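Values in this text are rule-based calculations from the coordinates and carry no lab data. Everything numeric here is computed off the predicted structure, so don't read it as measured data. Virtual Cβ from ideal backbone geometry, glycine too; neighbours counted across all protein chains shown.
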Amino acid sequence: GEHSHDIDNLKVIFISRRPYQTKQVDHKFVGRQIDNQDEVVKAIKALPNVSVQVVDFAHMQLKDQIHAAAGSDVMVGMHGAALAHCLWLPSWGGLVEMGSKRDLGVYFLKIARWAGIHFENWINPYYPRHFRKDNAGDYTTVDLKT
């Protein structure tokens with residue numbers, strides 16, 4: 001069932017994107033990673049009445065992905081298919097879609113509206129600064145000072 005709406009304990013699910021390999025998939029390169037993910041998560045955790053669960057859906061069964069999303073109030077993550085799990089957030093939920101540059105399209109805005117949840121996005125305002133690429137992916141650094 002749906003979890004309770006507890007304003008004194010906001011549950012944030014933070015979607016991590018990292019290279020991975022399974023028997024079926026070899027993703028040595030993963031785009032849209034957050035270079036300073038640990039610092040971003042720490043900053044979110046520092047907000048009053050907020051708990052954060054960091055997940056990488058690539059390592060979870062579908063039912064566990066849905067359960068994790070449904071047990072959260074707010075989903076935060078870089079643009080990518082995993083954000084479609086915002087469909088399982090409660091009616092008071094929200095989605096924060098992050099991006100390295102202004103080419104995200106309106107996919108997740110429309111999904112969030114369809115689901116009846118709040119939507120915000122964050123785009124790296126310094127692109128191409130605060131952005132780098134190597135053989136394992138591309139990375140955006142979130143400026144936590146501004």
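The gain in end-to-end length when the Glu39 to Ala84 segment is fully stretched comes to 13.7 nm, 0.36 nm per residue minus the alpha carbon separation.
Report the local net charge at Gln33: Lys and Arg +1, Asp and Glu -1, summed over other residues whose C-beta lies under 13 Å from its C-beta.
Computed value for this residue: +1.
Packing here is the average count of other Cβ atoms within 10 Å per residue, and on that basis the peptides 9-15, 135-141, highest first, run 9-15, 135-141. Pairs from the table (Lys23/Lys133; Lys11/Lys42; Lys45/Lys133; Lys11/Lys145; Lys45/Lys110; Lys45/Lys145) lying more than 18 angstrom apart at Cα are Lys23/Lys133; Lys45/Lys133; Lys11/Lys145; Lys45/Lys110. Per-residue ellipticity at 222 nm from helix content only, as computed over the chain with -39500 (n - 2.57) for each DSSP H run of at least four residues, stands at -5000 deg cm²/dmol. Amide H to amide H, with H built 1.01 Å from N, Val54 comes under 5 Å of Phe14, counting only residues 5 or more places away or on other chains. From the coordinates of this entry, volume of the Cα convex hull per residue in Å³ is computed, and it appears in (1) 111; (2) 147; (3) 170 under the label (1). What you get for the chain, charging only the Cβ of Lys and Arg (+1) and of Asp and Glu (-1), is a dipole of about 440 debye around the Cα centre.
At full extension, Trp114 and His59 could sit 17.1 nm farther apart than now, given 0.36 nm per residue minus the alpha carbon distance.
For Asp143 and Arg18, a Förster radius of 22 Å and the Cβ-Cβ distance give a FRET efficiency of 0.55, rounded to the nearest 0.05. List residues of the range 31-69, by number, whose backbone nitrogen lies under 20 Å from a label position 7 Å along Cα→C-beta of Asn135. Inside the label zone: 31-33. Of all DSSP-defined beta bridges confined to the chain, some 20% are antiparallel rather than parallel. For Asn9 and Trp122, a Förster radius of 35 Å and the Cβ-Cβ distance give a FRET efficiency of 0.90, rounded to the nearest 0.05. Relative protection proxy for 22-32, 68-78, from highest mean packing down: 68-78, 22-32 (other beta-carbon atoms within 10 angstrom).
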